[in-house]
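*Asks:* I am attaching a structure below and will ask some questions about it afterwards.
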Amino acid sequence: MVTNITNLGRSGLSDWLIQRVSALVLAVYALFLVAYLLFHPNLDYVTWSGLFAQTWMRIFSLLAFISMAAHAWVGLWTISTDYLKHTGARFGFQAVVILAIFVFLVWGVQVLWGA
Amino acid sequence: MSSLQVSVYRYNPETDSAPYMQEFQIDTQGRDLMVLNVLTMIKDQDSSLAFRRSCREGVCGSDGMNMNGKNGLACITALSEVVKDNKLVLRPLPGLPVMRDLVVDMGLFYKQYERMQPYLQNDTAAPAIERLQSPEERDKLDGLYECILCACCSTSCPSFWWNPDKFVGPAGLLQAYRFLADSRDNATQARLAELEDPFSLFRCRGIMNCVSVCPKGLNPTRAIGKIREMLLSNAT
């Protein structure tokens, strides 16, 4: 029996599913943004901020941010357990990564709903 | 040109402070020998060389090694398949501790195999005759039971290199699925529970090195995908 307490879903199966679903969300979000930019060749600030003023775009963006946060944690946790064999270094790396993800997520929410 | 330049990994922990490569010139007389034949000819030149071999026909799985960068069985790998620029580099299977020269300690590999409980488990009353299988049920075991445990696949897998104590590895997982897929085995839930953590099965990233080296042409990546499907349908 292999135990672990620092991975996202406490189970390999749930981590795997989170990784696949979040990848799908990020792919759809990225394709949408690229398509939006292609259809608005002379994009100005008013149009761009108008897009993000709509509730559905804010929900879509927040979904993408949360997916990014989960995806990054599962991926970087995996990398740390592959390559960092020293417990202190591994735990330190994981702490820095989770702090960065938390900061970026809160910051993202502030950008979407602030000002 | 019939003289082959062979470079062999040498290490005797009792006398050498570090491993080194030793060069040999082998006269193949233009024949397309198997790598194992070449090793035997080297052993005639230097009897201190250690390697494992037994059946010399790809059945026992003893002589798995790394030949010009790719794992395989020396006895069924022809020189024409691996030699480039008249050079052959022979190294032990990667990722396992070297005991001497081309002989590795397979302890971790066997430990992971043992963890998969590779035997039929059935807690229902034994019938008077054998537990019967339909031809269709038997067909599901094809491509799974043929594994000879040579370790070529698991030692070509980076996930097994980094976590050999936690990741079961392709060989063990192929055997896990061999018993999950067997209609006569009913320990399915316990077997799946053993594989659900983030390391045992899910450390597989699907790079398919195992498929590319398997001397028996088996497909552990496919078996791992099937186990993942079983876990998913069990838990959603």
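*Asks:* Quick one: the Cα spread of the protein assembly as shown along its three principal axes, in angstroms, biggest first?
*Replies:* Ordered largest first, the protein assembly as shown gives principal extents of 82, 62, 43 Å.
*Asks:* In whole angstrom, how long is each semi-axis of the equivalent ellipsoid of the range B:58-101, when you take the square root of 5 times every eigenvalue of its Cα gyration tensor and sort them from largest down?
*Replies:* Semi-axis lengths for the range B:58-101 are 18, 14, 7 Å.
*Asks:* Taking just the C-alpha trace of the range B:147-207, give me its Rg and Dmax in Å.
*Replies:* 11.9, 35
*Asks:* Further, regarding this structure: When the Debye formula is applied to the Cα atoms of the range B:9-86, each taken as the same point scatterer, what base-10 log of I(q)/I(0) results at q = 0.14, 0.17, 0.26 Å⁻¹?
*Replies:* Once normalised to I(0) and log-transformed, intensities are -0.49, -0.72, -1.45.
*Asks:* If you line up the long axis of helix A:12-39 against the longest principal axis of chain A, both from Cα atoms, how many degrees apart are they, to the nearest 10?
*Replies:* 20 degrees
*Asks:* Next question. Pop out the ³J(HN,Hα) list for the range B:68-79 in order, Karplus 6.51 cos²θ - 1.76 cosθ + 1.60 with θ = phi - 60°, rounded to Hz; leave Gly and Pro as x.
*Replies:* Using θ = phi - 60°, the values come out as 6, x, 10, 5, x, 8, 4, 6, 10, 9, 6, 3 Hz.
*Asks:* Most mobile of A:Val34, A:Val74, A:Val21 per a Gaussian network model of chain A (Cα springs, under 10 Å)?
*Replies:* A:Val34
*Asks:* Give the B-A buried accessible area in Å², both sides summed, 1.4 Å probe, nearest 100.
*Replies:* 1500 Å²
*Asks:* Pairs of Cα atoms under 8 Å, at least six residues apart: use those to get the relative contact order of chain A, whole percent.
*Replies:* 33 percent.
*Asks:* What's the magnitude of the charge dipole for the protein assembly as shown around its Cα centre, counting Lys and Arg as +1 and Asp and Glu as -1 at the beta-carbon? Answer in Debye, nearest 20.
*Replies:* With only Lys, Arg, Asp and Glu charged at Cβ, the dipole is about 500 debye.
*Asks:* Against the longest principal axis of chain B, how steep is helix B:35-45, in degrees 0 to 90 to the nearest 10, with axes from Cα atoms?
*Replies:* On a 0 to 90 degree scale, this one is about 40.
*Asks:* Can you work out the accessible area per residue across chain B, with the rest of the protein chains kept in place, probe 1.4 Å, in square angstrom?
*Replies:* Accessible area per residue: 49 Å².
*Asks:* Also, I was wondering about something else. Which residue, B:Gly107, B:Gly172, B:Gly64, tops the fluctuation ranking in a GNM of chain B built on C-alpha contacts under 10 Å?
*Replies:* Sorting by GNM fluctuation, first place goes to B:Gly107.
*Asks:* Determine one quarter of the surface area of the Cα convex hull of the range A:11-113, which equals its mean projected area, and express it in nm² to one decimal.
*Replies:* Average projection, Cα convex hull of the range A:11-113: 7.8 nm².
*Asks:* For Cα pairs less than 8 Å apart in space and 6+ apart in sequence, what is the mean separation divided by the residue count of chain B, i.e. the relative contact order in percent?
*Replies:* 18 percent
*Asks:* Pick out, from B:Asn186, A:Leu37, A:Gly92, the residue whose Cα sits farthest towards the positive end of the charge dipole of the protein assembly as shown, with +1 on the Cβ of Lys and Arg and -1 on the Cβ of Asp and Glu.
*Replies:* It is A:Leu37.
*Asks:* Accessible area of the range A:11-113 with a 1.4 Å probe: how many percent of it is carbon plus sulfur?
*Replies:* 79 percent
*Asks:* Roughly speaking, what % of Cα-Cα pairs in chain B are separated by over 22 Å, rounded to a whole number?
*Replies:* Here the tail beyond 22 Å accounts for 57 percent of pairs.
*Asks:* What share of Cα pairs, in percent, lie more than 20 angstrom apart in the range B:76-171?
*Replies:* It works out to 57 percent of all Cα pairs.
*Asks:* What is the magnitude of the charge dipole of chain A about its Cα centre, with +1 placed on the Cβ of each Lys and Arg, -1 on the Cβ of each Asp and Glu, and no other charges, expressed in debye to the nearest 20?
*Replies:* My answer is approximately 260 debye.
*Asks:* In the protein assembly as shown, what is the count of Lys pairs whose alpha carbons are under 23 Å apart, counting only pairs at least 8 residues apart or on separate chains?
*Replies:* 15
*Asks:* Separate question: Apply the Karplus curve 6.51 cos²θ - 1.76 cosθ + 1.60, θ = phi - 60°, to the phi angles in the range A:53-64 and return the couplings in whole Hz, x for Gly and Pro.
*Replies:* Those phi angles translate into 7, 7, 4, 4, 5, 5, 5, 4, 5, 5, 4, 5 Hz.
The values are calculated or read from the model by the stated rules, or taken from the named source; none is laboratory data. These numbers were taken from a predicted model, which means no experiment stands behind them. Neighbour counts run over all protein chains shown; Cβ positions are idealised from the backbone, glycine included. For the accessible areas, the whole protein counts, side chains as well, though only heavy atoms, and no ligand, DNA or RNA atoms are used. Shrake-Rupley method; radii C 1.70, N 1.55, O 1.52, S 1.80 Å.
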